[in-house]
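**Q** Please find one structure pasted underneath; my questions will follow.
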Amino acid sequence: MVDRVPADRKKIMRKQTHRNGEGSKDYFCAEFQLKESRTLFQFKLRKESSGDWFAVFKKGSKALENLKQGDELKMKYYCLDKSVPADIRKTRIKYVNKSSGFRDHYTIGLEIDSESLDSRDPFPGLA
């Protein structure tokens, strides 16, 4: 099997590891569905030097308009290794801040629960 992930991306992803009962996983991106919408929002995951996870959303994004500090929702997390099944985890929004590093963007802090939820599709009706 040919490895198509650029070396620089691998280096970044090695730093973005979430520990759980099954060992470590290299999460690359996640997705969620808003309660009132049938739209899925997918985003790239980033990790602060402190180890906290966050995402960057553009100002005016529908996702950003509907996420508030303290919200809890199911998110589906995808690993860099495509052979590893996605994890569904309860996630709490820790903060929503105007980004100092990304012009016209906001950072959203994520608190990812350490336990996987039911492996069935968290977004029924969108297949």
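The values are calculated or read from the model by the stated rules, or taken from the named source; none is laboratory data. Quantities reported herein were computed from a predicted structural model and do not represent experimental measurements. We place every Cβ from the backbone using ideal geometry, glycine too, and count neighbours over all the protein chains shown.
**Q** Please determine, by comparing only the residues of region 91-104 that are of a type in the set (S, T, N, Q) and in contact (Cβ under 8 Å) with a residue 40 or more places away in the chain, which one is nearest to LYS58 (Cα to Cα).
**A** Step one: of region 91-104, the residues of a type in the set (S, T, N, Q) are 91, 97, 99-100.
Add one more test, that the residue is in contact (Cβ under 8 Å) with a residue 40 or more places away in the chain, and what stays is 91, 99.
On the way: THR91: 20, SER99: 10 Å.
Taking the candidates together, the pick is SER99.
**Q** Can you work out which of the residues in region 75-94 that are assigned to a loop (DSSP other than H, G, I, E, B) and not polar (S, T, N, Q) is nearest to ILE112 (Cα to Cα)? I'd like the intermediate steps shown before the answer.
**A** First, pick out the residues of region 75-94 that are assigned to a loop (DSSP other than H, G, I, E, B): 80-86.
If we keep only those that are not polar (S, T, N, Q) too, we end up with 80-82, 84-86.
Numbers: LEU80: 17, ASP81: 19, LYS82: 20, VAL84: 18, PRO85: 17, ALA86: 14 Å.
Residue satisfying both the conditions and the ranking: ALA86.
**Q** Separate question: Determine if region 77-90 includes at least one residue that is farther than 22 Å from LYS58 by Cβ, at pLDDT 90 or above, under 14 Å from the mean Cα position of the chain (by Cα) and of a type in the set (Lys, Arg).
**A** Yes: one or more hits.
**Q** ALA30 is checked against (1) aliphatic (A, V, I, L, M); (2) assigned to a strand (DSSP E or B); (3) surrounded by fewer than 16 Cβ atoms within 10 Å (Cβ to Cβ) and fails just one. What number does that condition carry?
**A** With respect to (1) aliphatic (A, V, I, L, M); (2) assigned to a strand (DSSP E or B); (3) surrounded by fewer than 16 Cβ atoms within 10 Å (Cβ to Cβ), ALA30 is out only on (3).
**Q** For region 60-77, indicate whether the set of residues that are surrounded by 17 or more Cβ atoms within 10 Å (Cβ to Cβ) and among the charged types (D, E, K, R) is non-empty.
**A** Within region 60-77, one or more residues are surrounded by 17 or more Cβ atoms within 10 Å (Cβ to Cβ) and among the charged types (D, E, K, R).
**Q** State all residues of region 46-56 that are touching a His at 6+ places or on another chain (Cβ under 9 Å) and over 23 Å from LEU117 (Cβ atoms); if no residue qualifies, say none.
**A** Result: VAL56, single match.
**Q** Note down all Cβ pairs under 6 Å where the first residue falls in region 108-126 and is part of a strand (DSSP E or B), the second is at pLDDT below 60, and they're at least six residues apart or on different chains.
**A** Here the result reads SER114/ASN20, each pair linking region 108-126 to a residue that is at pLDDT below 60.
**Q** Kindly indicate whether any position in region 52-66 is in contact with a helix residue (DSSP H, G or I) (Cβ under 7 Å, 6 or more places away or on another chain) and either part of a loop (DSSP other than H, G, I, E, B) or at pLDDT below 95 (or both). I'd like the intermediate steps shown before the answer.
**A** To start, the set of residues in region 52-66 that are in contact with a helix residue (DSSP H, G or I) (Cβ under 7 Å, 6 or more places away or on another chain) comprises 57.
Of the ones still in play, those that are also either part of a loop (DSSP other than H, G, I, E, B) or at pLDDT below 95 (or both) are 57.
Yes, region 52-66 contains at least one residue that is in contact with a helix residue (DSSP H, G or I) (Cβ under 7 Å, 6 or more places away or on another chain) and either part of a loop (DSSP other than H, G, I, E, B) or at pLDDT below 95 (or both).
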